[in-house]
1. Could you list, in sequence order, the residues of segment 135-148 that are touching a helix residue (DSSP H, G or I) at 6+ places or on another chain (Cβ under 9 Å) and not in a loop (DSSP other than H, G, I, E, B)?
2. Of all the residues that make up segment 24-53, how many are open to solvent by less than 60 Å² (accessible area, probe 1.4 Å) and either closer than 16 Å to His79 by Cα or among the hydroxyl-bearing types (Ser, Thr, Tyr) (or both)?
3. Go through segment 129-177 and report how many residues are at pLDDT below 95 and at positive phi.
4. I'd like to verify a number: residues in segment 130-160 that are surrounded by 19 or more Cβ atoms within 10 Å (Cβ to Cβ) and under 18 Å from Arg119 (Cα atoms), how many?
5. Could you go through segment 89-111 and let me know if any residue there is at pLDDT below 95, in contact with a strand residue (DSSP E or B) (Cβ under 9 Å, 6 or more places away or on another chain) and open to solvent by 80 Å² or more (accessible area, probe 1.4 Å).
6. Can you tell me which of (1) among the aromatic types (Phe, Trp, Tyr); (2) out of contact with any His (no Cβ under 7 Å at 6 or more places or on another chain); (3) open to solvent by less than 20 Å² (accessible area, probe 1.4 Å) is the one Tyr173 doesn't meet?
7. Of the conditions (1) open to solvent by less than 80 Å² (accessible area, probe 1.4 Å); (2) modelled with pLDDT of 95 or more; (3) part of a loop (DSSP other than H, G, I, E, B), His57 satisfies every one except a single condition; which number is it?
8. Here is a check on your reading of the model: is Ala114 open to solvent by 30 Å² or more (accessible area, probe 1.4 Å), of a type in the set (Gly, Ala, Ser) and within 25 Å of Leu167 (Cα to Cα)?
Amino acid sequence: MTDVPPGIRGQLDEWELTSDGPVTRGSTSAVMFVRTSDGAPAVLKIASAAAGSEHEHLVLRRWGGVGAVRLLRADPHRHALLLERLDPQNLDAMWDVEACEVVAAQYRHLHVSAMPQLRSLTTEVEQWVRDFEELPRSAPVPRRLVEQAIVAGRELTSHPDDGAVVLHGDLHYGKVLAARREPWLAIGPRPINGDPHFEIAPMLWHRWDELDGNVRTGVRMRFDALVDAAGFDEARARSWVLVRVVHQVVRLLAGETSVGSDELTKYVAIAKAVQG
């Protein structure tokens, strides 16, 4: 195991795990297929300290395998999780509208009562609004959208944590895997307590290339499918999408995320599409 990072090697030894495949490195974590001491297949995940998933183990334990991958063991200090092994198939190959319906069905399992250990979405968005207000008028985003996001953000946080539930935080096509005990299970939450309508936006900006030449209609079809299947309020969902895409723009401009050639255009196009 000369190619295995020391952190993973140490966790394998401590939990008496056997490697069952190579290490797969993502932007925020390293994952390895393993076998437990009794030969059962599992997945070892080691997240980076800055991954924003420090409470992932708490939420997975709270979900208890309902709608999400089952947590087998955790070492929070090392950001290490031992998870049940799911199938590699995700929702990327499914018709996007049908995939939206699958994801909306997962909301009903995952949106459990708020947990005191988690961050508050209201507090986060109050800071986002301040960031929106500080955007210079010369920023490469329509000022009208920024001002609408400021108003929407204030309205959405006017009743702090009213109706808050546990949110996955980043649920999209690649974060739902096929499984044997359930058709589909969610993985990789970035949990936060907040409004369920917050969840929709990532489903609109992933698999973006498929919408080329048909952006407005494609975004609207996804948005409508999610709202209808989840039983969400359309106006509230629209406001959350606007706030989230403007937040993505702010992050891009601040250099917090990599800027592709069309990233700014993408987020602006989503905001415009959901507004009619």
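1. Leu145, Val146, Glu147, Gln148
2. Taking segment 24-53 and keeping what is open to solvent by less than 60 Å² (accessible area, probe 1.4 Å), we get 26, 28-32, 34, 36, 39-40, 42-48, 51-53.
Remaining after also requiring either closer than 16 Å to His79 by Cα or among the hydroxyl-bearing types (Ser, Thr, Tyr) (or both): 26, 28-32, 36, 43-48, 51-53.
Residues flagged as open to solvent by less than 60 Å² (accessible area, probe 1.4 Å) and either closer than 16 Å to His79 by Cα or among the hydroxyl-bearing types (Ser, Thr, Tyr) (or both) within segment 24-53 amount to 16.
3. Residues in segment 129-177 being at pLDDT below 95 and at positive phi: 2 in total.
4. 3
5. Checked segment 89-111: no residue is at pLDDT below 95, in contact with a strand residue (DSSP E or B) (Cβ under 9 Å, 6 or more places away or on another chain) and open to solvent by 80 Å² or more (accessible area, probe 1.4 Å).
6. All conditions pass for Tyr173, except number (2).
7. (3)
8. On the way: open to solvent by 30 Å² or more (accessible area, probe 1.4 Å): yes; of a type in the set (Gly, Ala, Ser): yes; within 25 Å of Leu167 (Cα to Cα): yes.
In short, yes.
The values are calculated or read from the model by the stated rules, or taken from the named source; none is laboratory data. If you're wondering where the values come from, they're calculated on a predicted model, not measured in any experiment. Quick reminder, even Gly has a Cβ in these numbers, built from the backbone with ideal geometry, and neighbours come from all protein chains shown. Note: areas computed on protein heavy atoms with side chains; ligands, DNA, RNA excluded. Shrake-Rupley method; radii C 1.70, N 1.55, O 1.52, S 1.80 Å.
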